[in-house]
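Okay, structure first, notes after.
The values are calculated or read from the model by the stated rules, or taken from the named source; none is laboratory data. Being a predicted model, the structure only gives us computed values, none of them experimental. Here the Cβ positions follow ideal geometry from the backbone for every residue, glycine too, while neighbour counts run over all protein chains shown. These accessible areas exclude ligands, DNA and RNA; they are computed on the full protein's heavy atoms, side chains included. Shrake-Rupley method; radii C 1.70, N 1.55, O 1.52, S 1.80 Å.
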Amino acid sequence: YAAVLTIAATLLLVEGDGAVRIAGWLLAAGLGVWALSSGYRDGRKALQRGVLVIAVVALFTLTVRSSLTLSFKNPDTPVEMLVYTQTSGDIPRLTDQINLVAKQSGLGYNLPIVVDSTDGYAWPWAWYLRHYHTVSYVELGQQPFQADPNAVLLISTLNSGLIQGDYTQEQYVHRWWFREEAYRDLSAGDVIDKLTSLDSLKALGNFFLYRLPAEESTGSTDAVAFFPRSYGNIASTAQPQVNAAPARLPDGRIVFGSAGNKQGQFFQPADVFVDSAGNIWVADSRNHRIEKFDSAGNFVTSLGRSAKVAAQFNEPWSVAVDAQGFVYVADTWAHHIQKYAPDLSFIASWGVPSGTDKPGLLELFGPRDIAIAADGTLWVTDTGNKRLIHYSAIGAPIEAVGSEGAAPGQFSEPTGLVFANGRYYVADAWNGRIQVLDAAMKPLSAFSTGWASDEIIDKPYLAVLSDGRIVASDPANGALILFDASGKRLGTWKPDANVKPIGVAATSDGGFVFTDARQNQVQIVPAALVNSLFK
């Protein structure tokens, strides 16, 4: 029986669904029946022996599997609590790419390399690049940085917006760790909440059986590798190539994208916009670019770094396209708005960082969304300054509305902004509500959403469907919320246990599109599914 139980436990530890897992459950059920029948036939001591055998063999199998997984599958990956702070596997992989560039460019160990020394980034590059003769370790300030045009740059994500020049780029994890706050200093209330929540119990089971942690249990410091475009495709030969085609799920949803910086991939996608032709535009924020897809999720083109059309952005969070095809980008941490022609040629930019208590109309603190008014002018959520700003289509300031507070027409962290049916809908994030304003920006109503997080990534966005219903993202809770036109909550939908919806936009068929910043994907939800998804 012990041997059969070992086989059953092993089969149950195979991640995923299928015949193998079913066989494991059948064997386990058979052994449970054996233990009960033994107790019934031979008395309580026989039942105790049966339970003891099951417990010992199950725990032994778990111990062996955990040891093998830690030693051979995840020796340096922080899904294991024994991995405290560890250099990620991206470092040796990038070293191979740098060596390939050095060899095929003819520069060899004379290839110039610049390493950002912020936050200890020089290590372990000092070891991996020890054979190169022209490695520079620099402290970047606040000014744009230009290096030798032949140099490979290894730059902290925090400083990547300072890099100027013609590069392809690749996001990578520099080091990572298992966050102690995931298990330390838990109160009795925290433990009770986790043990009484089905979602928490499922997450704990997935971790201990399959090492699938919640995102907040791991931490990392990230960086960007910049390869001069003059090297052509040399650096890319060691990298994954173009992202896979969109996938249609059995219920009709279309999913596209994956983690990376190739065309059709994403790194923390933020807001999404659907233009009048049905094209889907995604603010690929941490790749510092905008990507365009057709209505079925097929890649069309891109604007920014690692893109078909070069441009400079610093974590853009939103994009909007007007009726004439002009493209507007909320370049969030460059604190300005950029405008591009339909062919993606640059037209104009406006805005400077806000540094005063009474900022002017061109002083922006983290613009997060753009709404195009009926007359073609723009409204922008100036998030950190708690207001909305009105601009002409070429950036001339017109007016600002709102101030910090919780009264009607006041805001605390306004993020998503939509103009539909002659009204403006504002995601007033830290007030936990959606505000509705008329065409003259006068408050009409407000309704609660339950938003409570003040994390920098948990910024909600809105879409107004063709029938007037409102879809709001709830990033902190991994959910989307549906309201009727009056603000009555109709239901909540969690697409999966490990998602973070942020951007959301309506489609012409009555459905919507949303971005998932955790799985680095975009989903298209057809109208026919909306009622059945929100419970």
Residue hits (segment 80-97; in contact with a helix residue (DSSP H, G or I) (Cβ under 8 Å, 6 or more places away or on another chain), hydrophobic (A, V, I, L, M, F, W, C) and either under 19 Å from Arg229 (Cβ atoms) or open to solvent by 10 Å² or more (accessible area, probe 1.4 Å) (or both)) are Leu82
Condition first: surrounded by fewer than 18 Cβ atoms within 10 Å (Cβ to Cβ) and of a type outside the set (D, E, K, R). Now tell me which residues in segment 366-383 satisfy that.
Ala373, Ala374, Gly376, Thr377
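Does Asp76 fit the bill of being of a type in the set (Asp, Glu), assigned to a loop (DSSP other than H, G, I, E, B) and open to solvent by less than 70 Å² (accessible area, probe 1.4 Å)? Outline the logic, then answer.
Numbers: of a type in the set (Asp, Glu): yes; assigned to a loop (DSSP other than H, G, I, E, B): yes; open to solvent by less than 70 Å² (accessible area, probe 1.4 Å): yes.
For Asp76, the condition - of a type in the set (Asp, Glu), assigned to a loop (DSSP other than H, G, I, E, B) and open to solvent by less than 70 Å² (accessible area, probe 1.4 Å) - is met.
Just checking, how many residues over segment 258-296 are closer than 25 Å to Tyr172 by Cα, of a type outside the set (Phe, Trp, Tyr) and touching a residue at least 40 places away in the same chain (Cβ under 8 Å)? Quick ask: steps written out before the conclusion?
Taking segment 258-296 and keeping what is closer than 25 Å to Tyr172 by Cα, we get 258-272, 281-293.
Filter again for of a type outside the set (Phe, Trp, Tyr), leaving 258-265, 268-272, 282-292.
Checking the rest, the ones that are also touching a residue at least 40 places away in the same chain (Cβ under 8 Å) come to 258-263, 265, 268-272, 282-283, 285-288.
Final tally of qualifying residues: 18.
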Over segment 99-129, the set of residues over 20 Å from Val224 (Cα atoms) and open to solvent by 70 Å² or more (accessible area, probe 1.4 Å) is Lys103, Gln104, Tyr109, Asn110
I'd like the residue in segment 443-488 that is in a strand (DSSP E or B), out of contact with any Leu (no Cβ under 9 Å at 6 or more places or on another chain) and open to solvent by less than 10 Å² (accessible area, probe 1.4 Å) and, out of all such residues, is modelled with the highest pLDDT.
Ala463
Hey, could you check segment 489-528 for residues that are open to solvent by 60 Å² or more (accessible area, probe 1.4 Å) and assigned to a strand (DSSP E or B) and say which is nearest to Ala245 (Cα to Cα)?
Leu490
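Where in segment 247-323 are there strands (runs of 3 or more DSSP E), lying wholly inside it, with at least 2 residues that are open to solvent by less than 40 Å² (accessible area, probe 1.4 Å) and under 20 Å from Ala371 (Cβ atoms)? If you could, list the steps in order and put the result at the bottom.
On the way: elements: 254-256, 269-274, 280-284, 289-293, 299-304, 318-321.
Counting at least 2 such residues, we get 269-274, 280-284, 318-321.
Residue by residue, here is whether (1) outside any strand (DSSP E or B); (2) under 20 Å from Asp322 (Cα atoms); (3) out of contact with any Asp or Glu (no Cβ under 6 Å at 6 or more places or on another chain); (4) open to solvent by 20 Å² or more (accessible area, probe 1.4 Å) holds:
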residue: Leu344; (1), (2), (3), (4): yes, yes, yes, no
residue: Gly355; (1), (2), (3), (4): yes, no, yes, yes
residue: Gly395; (1), (2), (3), (4): yes, yes, yes, no
residue: Ala427; (1), (2), (3), (4): no, no, yes, no
